[in-house]
Ligand code: 6PG
């Protein structure tokens with residue numbers, strides 16, 4: 001597992017509570033407004049979203065990836081975040097129209113809403129999960145999006161899922177001021193151990209100039 005801070009919590013619930021508290025403290029003291037956050041899908045990030053209370057009028061939400069399904073589909077990341085926090089907060093959020101393959105459209109949204117640094121959008125925070133195969137966002141092993149070095153947002157065919165995804169690309173993720181990688185559950189312990197042993201997986205390429213923090217529960221961290 002590459003550098004950065006590593007926070008190990010006893011349980012997934014404690015991870016969510018501590019991450020929510022830290023994010024609230026960061027937003028309270030950070031001068032950037034709106035505070036721009038890119039969200040991940042998945043059950044570990046969802047626990048954090050459910051706990052999160054921020055000054056929502058000063059925050060703007062984006063997505064790191066999305067499944068190519070309508071927003072009311074059970075697999076939709078938008079749908080999960082809507083239930084976990086959009087409906088109760090009224091926060092401004094920008095949906096990826098992945099079902100329409102609208103990657104260029106989302107790049108235009110980022111160009112208009114997110115501060116840039118050296119030609120890349122610089123999120124104040126990117127929240128990521130990690131899969132048992134070492135994917136993050138929708139940057140899956142063996143897929144074309146791993147090699148994307150110019151575009152900010154791409155559609156990505158994921159044959160191992162038999163699915164299409166929309167995803168931010170590595171240059172965009174790594175341009176962030178902060179990246180948090182949330183990892184919980186015993187099923188993630190093998191990938192955590194592989195990373196610690198130096199395995200080259202998609203998530204290994206998360207290496208921001210800014211801050212990197214891994215949030216793990218004991219089951220994943222061992
Ligand atoms: C997605 C995510 C994906 C997710 C990881 C971890 O759209 O599925 O963006 O990268 O964060 O697969 O998900 P879990 O926390 O549910 O294992």
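Only the coordinates and a few stated rules stand behind these numbers; no lab work does. Since this is a predicted model, take the numbers as computed values, not measurements. Methodologically, a virtual Cβ is constructed for each residue, glycine included, from the backbone with ideal geometry; neighbour enumeration extends over all protein chains shown.
Checking each residue in the stretch 98-131 for being more than 18 Å from residue 148 (Cβ to Cβ), within 16 Å of the ligand (Cβ to nearest atom) and either touching a residue at least 40 places away in the same chain (Cβ under 8 Å) or touching a strand residue (DSSP E or B) at 6+ places or on another chain (Cβ under 6 Å) (or both) picks out 125, 127, 129, 130, 131.
Inspect the stretch 136-152 for any residue being in a loop (DSSP other than H, G, I, E, B), away from the ligand (no atom under 13 Å from the Cβ), under 29 Å from residue 28 (Cα atoms) and touching a residue at least 12 places away in the same chain (Cβ under 8 Å) and give the result as yes or no. Yes; the residues of the stretch 136-152 include at least one that is in a loop (DSSP other than H, G, I, E, B), away from the ligand (no atom under 13 Å from the Cβ), under 29 Å from residue 28 (Cα atoms) and touching a residue at least 12 places away in the same chain (Cβ under 8 Å).
No other residue among 85, 54, 48 is over 30 Å from residue 199 (Cβ atoms) and assigned to a helix (DSSP H, G or I) apart from 85. The set of residues in the stretch 100-123 being closer than 26 Å to residue 47 by Cβ and over 15 Å from the mean Cα position of the chain (by Cα) consists of 106, 114.
What number of residues within the stretch 202-222 satisfy the criterion of being under 28 Å from residue 122 (Cα atoms) and away from the ligand (no atom under 12 Å from the Cβ)? Final tally of qualifying residues: 10.
Selection of the stretch 7-31 for residues being outside any helix (DSSP H, G or I) and exposed (fewer than 14 other Cβ atoms within 10 Å of the Cβ) yields 10, 11, 31.
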